[in-house]
1. Let me confirm something: among Gly189, Gly231, which residue is among the small types (Gly, Ala, Ser), modelled with pLDDT of 95 or more, within 19 Å of Trp291 (Cβ to Cβ) and surrounded by 16 or more Cβ atoms within 10 Å (Cβ to Cβ)?
2. How many of the residues in the range 371-422 are part of a loop (DSSP other than H, G, I, E, B) and without any contact (Cβ under 8 Å) to a residue 60 or more places away in the chain?
3. Quick check: anything in the range 208-221 touching an Asp or Glu at 6+ places or on another chain (Cβ under 7 Å) and of a type outside the set (S, T, N, Q)?
4. Within the range 358-365, does at least one residue satisfy the condition of being under 25 Å from Ala86 (Cβ atoms) and touching a helix residue (DSSP H, G or I) at 6+ places or on another chain (Cβ under 6 Å)?
5. With Glu350, Glu323, Glu335 as the choices, which residue is touching a residue at least 24 places away in the same chain (Cβ under 8 Å), away from the ligand (no atom under 16 Å from the Cβ) and not in a helix (DSSP H, G or I)?
6. Regarding Val123, is this residue within 16 Å of the ligand (Cβ to nearest atom) and out of contact with any Asp or Glu (no Cβ under 9 Å at 6 or more places or on another chain)?
7. Being crowded, with 22+ Cβ neighbours inside 10 Å, touching a helix residue (DSSP H, G or I) at 6+ places or on another chain (Cβ under 8 Å) and not assigned by TED's automatic domain parsing to the domain that holds Asp297 is true for just one of Leu419, Leu408, Leu383, Leu399. Which residue is that?
8. Based on what the data block shows, is Glu311 over 16 Å from Phe261 (Cα atoms), more than 15 Å from the ligand (Cβ to nearest atom) and modelled with pLDDT under 95?
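The values are calculated or read from the model by the stated rules, or taken from the named source; none is laboratory data. Since the structure is predicted, the reported quantities are computational estimates derived from the model, not experimental observations. Here the Cβ is made from the backbone with ideal geometry for all residues, glycine too, and neighbour counts use every protein chain on show. The area values use the complete protein model at the heavy-atom level, side chains included, leaving out ligands, DNA and RNA. Shrake-Rupley method; radii C 1.70, N 1.55, O 1.52, S 1.80 Å.
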Amino acid sequence: MLNDFSEFTVLAHKVCQWAAAFNQRLPDMSVADMTDPVPLPRSVPESGRGFNEAFNTFKELIAPHLSGSAGPRYWGFVTGGTTTAAQLADWLVSTIDQNVGSSGDSIASAIEQQTMEWLLEMVDLPNTFTGILTTGATASNMLGLTCGRQFAGYQQGIDIAEEGLSGSDIEVFSATPHASTLKCMAMVGLGRKAWRPVACLKDSEAMDVSDLERQLAASSSPGKIVVASAGTVTGNDFDNLALIADLCQQHKAWLHVDAAFGLFARLLSEKKAWSHGLENADSITSDAHKWLNVPYDCGIFFTRHSQVLRESCAADAAYLKTESKIPSFMNLGIENSRRFRALPLWMSLEAYGIDGIRDIVRANCGQAEQFANWLQSSEDFTLLKPARMNVVVFKPTKLEGSDVTRFLKQLNQTGEVYLTPGEWLGQAAIRAAFSNWQTRAEDVDRVCQLLQNLVRS
Ligand SMILES: Cc1ncc(COP(=O)(O)O)c(C=O)c1O
């Protein structure tokens, strides 16, 4: 059965060759496979056919239908690629297969701890924060709401982790929560209806802080959570975190900030001030599989209240105890058993340093500006909002509603680029998000030409 370990070198060589060829083809392969899924074998094989056969089937059945999401013209959602250091480190993660749930049996937990400290240093946040890597910004938002819920429970004399939500009264104030925040509200038992929408500033997704002030003062709920944004997913708007943090302090509200990709704008001196006040947040979400270009999945969570996080997430059993001074990350997050997902991030930081990451962020912001400038100069397209950071939101000038969606589908079917839909001030729109290290100015030119040809065809 498992007699192929002795052939590891030969098998790995084959995989390595295929991977190198994939990497090379990536810039020119079809960016998305939009065909219907191929019929897959129905039942699990009774007897295995060996790795070589399984790999051949992968190459025939799966490989032709992959997307080029790690490549330079996948501009959908907010999708990072994977740098060489991160990619190879991720292979090592599978090889060494460490379980970074409890500490005390390897260096892995210490590396995760150091990686979190490095990240704080990189984005200039104080070391009063502690952190954990998660599976993504959704999981980080879940931890933020879980902590906020625990804190809000304390304001009404309830230890929610022990007693549950029954009898508690918690409201969540937010202007433009990401879809994942509402999903997490459903999942942590607050319910989507606990959302108190706060008004936005004119032509912006940023919070109108005076409306928040009014709503917090008017609220009779003893438990309050404010979810603010540092970089909204369409408009790239930043809430005024310094003012919001002051209000939260005044009204005993937990402040959670979703900075999934906006956190890294702090690497650019001209954009850093947008997230001024972030240091006063109670908890922060970010992502590494977006702008830090490590493979899926890798999210980031920070809090200034590690005790609240621990109370919310602790897993206690005799067999889980350890005497190590390094924290057991299972007590600080969702999973007990955890992948060594710090290694690709650690390796990227070792290999490229803060300067390397800053170069990616700067280049992507430049490409967004280049694309936005072209759209603005074109009579065939309307730029719906000036590009601030890495997302551009636009539409074909003469199209509205479902015609915009149809145009987008046609565009994506060319396989040259992949964009995703959006909405700006009630209008159907197309979003282009730049967050891949491989994207170049020539890619932007290529897509501009394509758009021009398509809209005039
Ligand atoms: C602002 C924001 N928050 C949360 C998320 C969810 O991230 P993930 O897909 O990593 O869970 C995203 C994803 O685009 C995002 O942009």
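1. When all the criteria are applied, what remains is Gly231.
2. Summing the residues that are part of a loop (DSSP other than H, G, I, E, B) and without any contact (Cβ under 8 Å) to a residue 60 or more places away in the chain in the range 371-422 gives 8.
3. no
4. For the range 358-365, residues under 25 Å from Ala86 (Cβ atoms) and touching a helix residue (DSSP H, G or I) at 6+ places or on another chain (Cβ under 6 Å): present.
5. Glu323
6. It is true that Val123 is within 16 Å of the ligand (Cβ to nearest atom) and out of contact with any Asp or Glu (no Cβ under 9 Å at 6 or more places or on another chain).
7. Leu419
8. No, not satisfied.
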